[in-house]
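**Q** I'd like to ask you about the structure that follows.
Just so it is clear, none of the values below were taken in a lab; they were calculated from the coordinates. Since the model is a prediction, treat every value here as computed from it, not as a measurement. We place every Cβ from the backbone using ideal geometry, glycine too, and count neighbours over all the protein chains shown.
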Amino acid sequence: MKTLDIRKRMLLAALLPVMLLGLLLSGVFLMNRFEDINDSYQTRTSAVARQLALASEFGLFAANQLQLQTIARGALREPDLRWVGILDREGRLQASAGDAGSAGVPTVTNLAAQILGDQEALHVIQQTVYANGLKLDDVYEDSNNANSAQAAPLGQVVVKFSRQSVTKKKNDILLLGGLISALGILFGAVLAVRLSAGVIRPTMRVSNLIERIGHGDFAAAARVQRFTPVHDPLYGMQENLMRMSDRLAHVQQDLEKKVATVTQALREKKEDAEQATQAKSRFLAAASHDLRQPIHALGMFVARLAQLSHDGPTRHLIGNLEASVRALQNLLDGLLDISRLESKAVQIRLQQFPLMDLFDRLDQDLAPIALDKGLRLHIRPCPVWVQSDPVLLYRILLNLMGNALRYTEKGGVVVACRRTSSATLVNIEVWDSGLGIAPEHQQAVFKEFYQVGNPERQSGKGLGLGLNIVQRSCQLLHHPLQLASRLGVGTRLRLTLPMAARPTAQALSTLAEAPQEQGGQGCTVLVVEDDDLAREALVGLLQSWGYQAAQANGLNDAKQVLQNGFVPELIISDYRLDGATHGMEVIVQLRRQLARQVPACLISADTDPELLQTAQAAQLTLLHKPVRPAKLRSLMNRLLAVQGLRDES
C-alpha cells in the first residue's frame, strides 16, 4: 500500500497543475468564443429585422398587402429565418411567410419594445415600423399634427430566427476545446510519467527492498544492488541498505543460535521440572494416603476413648487430644476441598430449598462455639426459598460464620437475609463485631494460607483456607461474594443468591413426610478394611454405638463372613484393598451373594478426583479419611433410614 501511495502522490503532483491550467485556459477560450458568436448572431438578426421594418413602411402606410406579402416571402432567403409576420398598428396580421411554430402569432403589447425569447429553439424579434420624417406640402395640415403623425407607429414586423446554427457552432467549438484539453492533459500525463519515472522507480525499488528485508530476506539487498545502475539517484541508499542487511543477517544467525541453545536448555529444565512434579505428586499422593490412614484410626480411637469414663485430668487430656486430631482433620479436609475445587471435581446439584432449614442447622452447629466464647449468635428468621446447592451453601456459610466467631472477641455475630431491589435475588449477610480487616488486606485474605493476625501460624486461629474455599465455591455456584470491613468496627460478608418460588402446600407436606435419620441400634454392619489399626478402631467405635459389627480384610474374607451366617444391613468398605480388588468390586460381589441391594458406602485415603466421580457414578457415597465420627454416624443413619422405607414399601 505504501508503494501505491507514493506513486499516486507523485503522479498527482505532476498532473494536477497541468490539468488545472488546461481547464482554466479552455474555459476562458470557450467563454470568449461563445460571447463572440452570440454578439454576431444578435447583430445580424437585429439588422435583418430593421431592414424589413424599413421595407414594410410604405406597404403598411398604403395598406398594400400584396407588397407586404412579397417582402415577407423575400425575407425567407435570409439564413436561419423561419417566419416573418407584418402587423398593422391594431395588431392585425397583414402578411406572413414561413412556419410560425407552436407559439403562433405574437400580439402587439409595446410597439417600442424588442422581445427576445427561446421558444422551440427560436429567437423572436419584434421591430416597430414608423413613418419616415418627410414633410408633405399641404397648406391645410397643422404642423403639430404632422409631428404626431411622424411619431405614430404604422405597425410592426415580427421575425423568428432559428438558433440551431448558433448551437451547432457552440457544440463544435466545445468539442474542439475538449479535444484540445484532453490532448493537453494526455501530453502532460505522459510527460509527468516519463519525468517522474526517474524518481518513482528508485523509490519503489528501495521500498520493496526494505519490505523484503523486514520479512527476513537479507539477501535481497545484494540481488537488487547487482542490477542497479550507478547513475541511479538512490544508489548510495541501496548500498547502505545492503550493509545494514548484512549486519542484520549476522545478528539473526547469532540470535537463532542463542535461541536454539536456550530453548534446548529450557526443554531439558522443563522435562526435569515435569519429572520432579510427577515425583512430587506421587510422593504427596502416597504421603497423603499413608498419613490419612493413621489419623483416621487415631480419630476413631479417640472418639471411642472419649466415650469411656475417666477422671478429670484424663478427660482434660482426652479433650486436648481430640482438639489436636480435629486440627489435623480440618487441615486435611481443607486441602482436600482445595484440590477438588482446582480439579473441578465438585459436582453441583442445584435445587430449591428454604433458607430457614439451613439457618436452623447452622444455629445448632455453631451455637455451642459462640457460647464457649461468650459471644451472641443471632440468626434472623428468613422464610425465603433459594436456588442453589444446599451442601455447598452450607459449607460456605459454615466457613463464613466460623471465621466470624473465631476472630471476634466480644459482641457477637449476626446472620440475616435481605431482599434486593431485584425481585429475583436475595442477600445473605454475615456481620461480626471483630477487629476488622484493613483495606490493604481485604483482597489478600481470599488467598490460600493467608492470615492477617496469625504470623506464628497458631492452629487455634485457623489455617487460612476458609475464605479461599468460600470464594472458589461461590465462583462455582455463580453467587457473587462481597466483603466490607472497618478496623475496630467489624466485617460484613454478603452473598447474593437467586430466589426460588415457594412450593405449594401439597409439596410442603410431602417434604415434611421425608424420612428422618434414625438410630441404628442393633443393626448389623460389615467392615471391609485391610489396615489393621483402622479396622479395629472403626469396629470398636461401631460397637460402642450399639451396632453389631463384623470385620474382614478383603473380598474373600468378607465372603467367608457371609457364608458363616452373618447378614449385614450395611457395608462399609475401604476403596484400596490388598490385591487387585477394590472396594466397589467388593460391594458389588457382596450384594450379588446376598441377592439384594444392601446399603453401602466407601472410605478411602485416596484423594484422586476421578475416584469421587467413579463413586458417584456407582451411586455410592465416598468418605475421605480421616472420617469424622459424627459424619460417619449421620451417613449410616441416613442410609439405614432410606433402606427401611424401601423395605416397608
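**Q** Enumerate the amide H contacts of Ile603 below 5 Å, restricted to partners 5 or more residues apart or on another chain; note that Pro and chain-start residues carry no placed amide H.
**A** Those lying under 5 Å, H to H, from Ile603 are Ser573, Asp574, Tyr575, Leu623.
**Q** If you don't mind, another one. What FRET efficiency would be calculated for the residue pair His215, Leu176, taking the C-beta separation as r and a Förster radius of 60 Å, to the nearest 0.05?
**A** E(calc), rounded to 0.05, equals 0.65.
**Q** Can you put Trp545, Trp385 in order, fewest other beta carbons within 10 Å first?
**A** So the residues, fewest neighbours to most, are Trp385, Trp545.
**Q** Let me ask something else about it. With θ taken as phi - 60° and the coefficients 6.51, -1.76 and 1.60, list the Karplus ³J(HN,Hα) couplings across the range 426-439 in order, rounded to whole Hz; mark glycine and proline as x.
**A** Those phi angles translate into 9, 9, 10, 10, 10, 10, 9, 10, x, 6, x, 10, 5, x Hz.
**Q** For a quick check: with amide H placed at 1.01 Å from N, whose amide H comes under 5 Å from Ala550's, ignoring anything fewer than 5 positions away on the same chain?
**A** Answer set, sorted by chain and number: Val525, Leu526, Val527.
**Q** Find how many whole Å separate the alpha carbon centroid of the range 28-74 from the alpha carbon centroid of the range 533-610.
**A** 134 Å
**Q** Another question, then. Which order do peptides 253-265, 70-82, 167-179, 490-502 fall in by mean Cβ count within 10 Å, highest first?
**A** In descending order of packing, they fall as 490-502, 70-82, 167-179, 253-265.
**Q** Now for a different question. Grab the beta carbon distance between Gln589 and Thr261, set R0 = 51 Å, and tell me the FRET efficiency rounded to 0.05.
**A** 0.30
**Q** Sticking with this one: For the range 356-362, in order, what is each residue's ³J(HN,Hα) by Karplus, 6.51 cos²θ - 1.76 cosθ + 1.60 with θ = phi - 60°, in whole Hz (x at glycine and Pro)?
**A** So the J values, rounded to whole Hz, are 5, 5, 5, 5, 5, 5, 5.
**Q** Could you derive backbone 3J(HN,Hα) for the range 387-395 from the dihedral phi with the Karplus parameters 6.51, -1.76 and 1.60 (θ = phi - 60°), listing whole Hz in sequence and x where the residue is Gly or Pro?
**A** Couplings: 10, 6, 9, x, 5, 5, 4, 5, 5 Hz.
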